Amino acid sequence: MGRNFLLLIALLATLVMLGTWDNRRQMQRALEDGYPTTAQITGAQSLPVVTADGWRPRFVEQSLAVDLEWKGKDGQPRNFRNVPVSAGFERSIVSGNQVRLMPVPVKVLDDESVVPVITSDASARLASLQSWLAASGYAALAAWAGFAALTLLGARGRRTITAMPARPLPPRRTFYGLGLLVVGGFLAFSAWSWGRSADAIAVGAEQITADILQATETRSGYAVRLGWSDGTGVHHYGPIPVSEAFWNKITRNGQLTVHQTAIRYRGDDPAARPQIVDDAPETHWPVRVAMGAGLLLVMVGAALFASGLRVQRK
């Protein structure tokens, strides 16, 4: 029963992970390739975990979804049902049991398979999907590892009517390989998740030139304060940690010499931290090392696991 229970958890977690990844991929496509327009909320409803767009199933990670209507590039009215919204956006449109049928800025594609994205809700949705993806990925890895271990151990000591002798345990290398597979999988998946955690800003963000208002050296490193203006007004953000390489680009003898830099920011979410285009992410090399180490452990573990199974068959 324990093995069957782990198999059920592994299958469900894997399906959730794949559904979340597909939702994230669709959001990224809409944000990067879609065109901006204004859509009208025409309704809202709670949804089950799985809904369908025609024949295609879709995983829904939020408790509320809205129906949108807008005019396409060809001037024809278009609509899309069951667009999930985050809890924060839900609070802004729901009062008691009433839903405000209001216009919202969206990015859409004239493709019925791509879910529209409400731009003011994009950061929260991407962060939510990343959390679901990480949680379901870890759960799937743990459940599959437990199922494999119980499967290897399950035959030992099993008695049959013919009183056949118990099968011996698989070689130790099989369990070592399984352990390395699990550790390597967790490490690689963690590095991948960490590397994608900034996508709530990077995906669909706008690029603009910002003023470097201040550059300071602190005990923990270097930081800058930025200022920029757009159609919504003047914005300031900081201090933002920067790498030593970027610090050396903009200062000389501790004095600021470069006063502007390109940034990527989300105009729909002024509170979100912008990214400095010329500054490599601080976690870039640790992520690469962790990803490489995880993949190496996976390969070694797979080789040991396969070798142990081959010896057991013989």
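Laboratory data are not the source of any read-out in this text; all were calculated from the coordinates shown. Note that this is a predicted model, so its numbers are computed, not measured. When we count neighbours, we look across all protein chains shown, and the Cβ atoms used for this are built from the backbone with ideal geometry, even at glycine.
Using Cα-Cα distances under 8 Å and only pairs 6 or more residues apart, what relative contact order does the range 2-125 have, in percent?
Values: 191 pairs, mean separation 35.0, N = 124.
It rounds to 28 percent for the range 2-125.
The calculated FRET efficiency for the pair T37 and N4, based on their C-beta separation and a Förster distance of 45 Å, comes to about 0.35. Helix 2-33 and the longest principal axis of the C-alpha atoms of the chain enclose an angle of approximately 30°. Under a Gaussian network description of the chain, with springs only between Cα atoms under 10 Å, the residue in A39, A188, A272 that fluctuates furthest is A272. A Stokes-Einstein calculation at 10 °C with viscosity 1.306 mPa s, built on the Kirkwood radius of the chain over Cα pairs, returns a diffusion coefficient of 68 µm²/s.
Each residue of the range 65-76 was assigned a 3J(HN,Hα) from its phi angle through the Karplus curve 6.51 cos²θ - 1.76 cosθ + 1.60 (θ = phi - 60°); the sequence is 9, 10, 9, 10, 9, 8, 9, x, 4, 7, x, 8 Hz, with glycine and proline shown as x.
Along the range 243-249 the Karplus relation, 6.51 cos²θ - 1.76 cosθ + 1.60 evaluated at θ = phi - 60°, assigns HN-Hα couplings of 6, 5, 4, 5, 4, 5, 6 Hz to successive residues, with x for each Gly and Pro. As a proxy for reagent exposure, Y265, Y176 were ordered by neighbouring Cβ count within 10 angstrom, fewest first; the result is Y176, Y265.
Under 15 Å from the Cβ of V99, count the other residues' Cβ atoms, weight Lys and Arg +1, Asp and Glu -1, and hand me the total.
Details: positive: R81, R91, R100; negative: D67, E69, E90, D121.
Once positives and negatives cancel, what remains is -1.
Database remark: amide H of Q214 closer than 5 angstrom to the amide H of R225 (H placed geometrically; neighbours at sequence offset of 5 or more, or on other chains; Pro and chain starts carry no H).
Arrange T151, T119, T251, T218 by Cβ neighbour counts within 10 Å, fewest through most, would you?
T218, T151, T251, T119
Going from the fewest other Cβ atoms within 10 Å to the most, the residues L8, L68, L150 appear in the order L8, L150, L68. Exposed loop sites here are GluC sites (Glu not before Pro) in DSSP loop states with at most 15 other C-beta atoms within 10 Å. What is the longest stretch of the chain lacking them? In the chain, the maximal stretch lacking such sites is 113-281.
Near the amide H of K71, within less than 5 Å, lie the amide hydrogens of R78, all on another chain or at least 5 residues away, with H placed in the peptide plane.
Amide H contacts of N82: V66, D67, L68, each under 5 Å away and 5 or more positions distant or on a separate chain (H built 1.01 Å from N in the peptide plane; Pro and chain starts excluded).
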